[in-house]
């Protein structure tokens, strides 16, 4: 699986895109998935809600949610045969 520390090696625009997959707005994790994965958004949102329901909304947990979402996206693309392009 791709690790969070691998993301900065990408171009700055790509790095920001991957970080923007999950954002914290009004104390809720919100998703901004690539178009090819938007139909699966509910699945990822449910997973994030379950994992982070009892955890504080902190910068550290946001970073974990971003990494979890990125790993989920890559895994879903492989499983469904979807190209992971921006």
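All of the numbers you see were taken from the coordinates with simple rules; none came from a lab. Because the structure is predicted, anything quoted here is derived from the model rather than measured. In this analysis, Cβ positions are derived from the backbone assuming ideal geometry, glycine residues included, and neighbour counts consider all displayed protein chains.
Scanning the stretch 38-56 for residues that are in contact with a strand residue (DSSP E or B) (Cβ under 9 Å, 6 or more places away or on another chain) and surrounded by 14 or more Cβ atoms within 10 Å (Cβ to Cβ), we see that the one that is nearest to residue 83 (Cα to Cα) is 44.
Within the stretch 62-73, no residue satisfies the criterion of being surrounded by fewer than 14 Cβ atoms within 10 Å (Cβ to Cβ) and in contact (Cβ under 8 Å) with a residue 60 or more places away in the chain.
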